[in-house]
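Comments concern the structure below.
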């Protein structure tokens, strides 16, 4: 399937596999709770573990009630676009289906222009790696199909994708705390 067809499916609430700025991701609209729940189900993800949200531009965090006037947001903004997912406070009850009670959400502005153009069309996407929780991520579409088969709506094959996952950090009072080492190396004082 071509990416243009996949975008149309995403826009009507479908889920599927595309290449993100890091690995293949199982994507769906972050602002549709039913889509997010379907991804949890298909991926067999622990319900208490939040997903990372891909956004087109830093200011898109406003869609989730995030304060863009904070020093922590300014620090996050300086890291984007890039392969770094940053956790910011989100205590909005209507986003419980995303933050899973943690009252925080992780966001990433991809450094891939094609992916940002997709996000411009679809809006924010959740995009966990293509695997069941605890398993090795799929680097090819045949590997992805072993995990998800006909449980999802589409696959966009761009060949083998071998890279590191994003670095996951939390910013608290102007300081980075690295929660997962990944593609971006961060020195913490």
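The values are calculated or read from the model by the stated rules, or taken from the named source; none is laboratory data. Keep in mind the model is a prediction, meaning the values are calculated, not measured. Backbone-built Cβ (ideal geometry, glycine too); neighbour counts: all protein chains shown.
Checking each residue in segment 135-180 for being at pLDDT below 85, surrounded by fewer than 19 Cβ atoms within 10 Å (Cβ to Cβ) and not in a loop (DSSP other than H, G, I, E, B) picks out 172, 175, 177, 178, 179, 180. In segment 113-126, the count of residues that are in contact with a helix residue (DSSP H, G or I) (Cβ under 8 Å, 6 or more places away or on another chain), assigned to a loop (DSSP other than H, G, I, E, B) and crowded, with 22+ Cβ neighbours inside 10 Å is zero.
Determine, yes or no, whether residue 74 is in a loop (DSSP other than H, G, I, E, B), surrounded by fewer than 22 Cβ atoms within 10 Å (Cβ to Cβ) and either over 13 Å from the mean Cα position of the chain (by Cα) or in contact (Cβ under 8 Å) with a residue 40 or more places away in the chain (or both). No; evaluated as a whole, the condition is false for this residue. Of all residues in segment 109-138, those that are touching a residue at least 60 places away in the same chain (Cβ under 8 Å) and on the phi < 0 side of the Ramachandran plot have Cβ atoms under 8 Å from Cβ atoms of residues that are surrounded by fewer than 13 Cβ atoms within 10 Å (Cβ to Cβ) and part of a loop (DSSP other than H, G, I, E, B), 6 or more apart or on another chain, in 132/44; 133/44; 133/46; 133/49. Residue 106: within 21 Å of residue 35 (Cβ to Cβ), more than 13 Å from the chain's Cα centre (by Cα) and buried (at least 21 other Cβ atoms within 10 Å of the Cβ), yes or no? The answer is no for residue 106. Taken over segment 90-112, residues that are over 15 Å from residue 58 (Cβ atoms) and outside any helix (DSSP H, G or I) amount to 8.
Taken over segment 6-43, the criterion of being farther than 12 Å from residue 126 by Cβ, assigned to a loop (DSSP other than H, G, I, E, B) and either at pLDDT below 95 or touching a helix residue (DSSP H, G or I) at 6+ places or on another chain (Cβ under 9 Å) (or both) is satisfied by 13, 14, 21, 22, 23.
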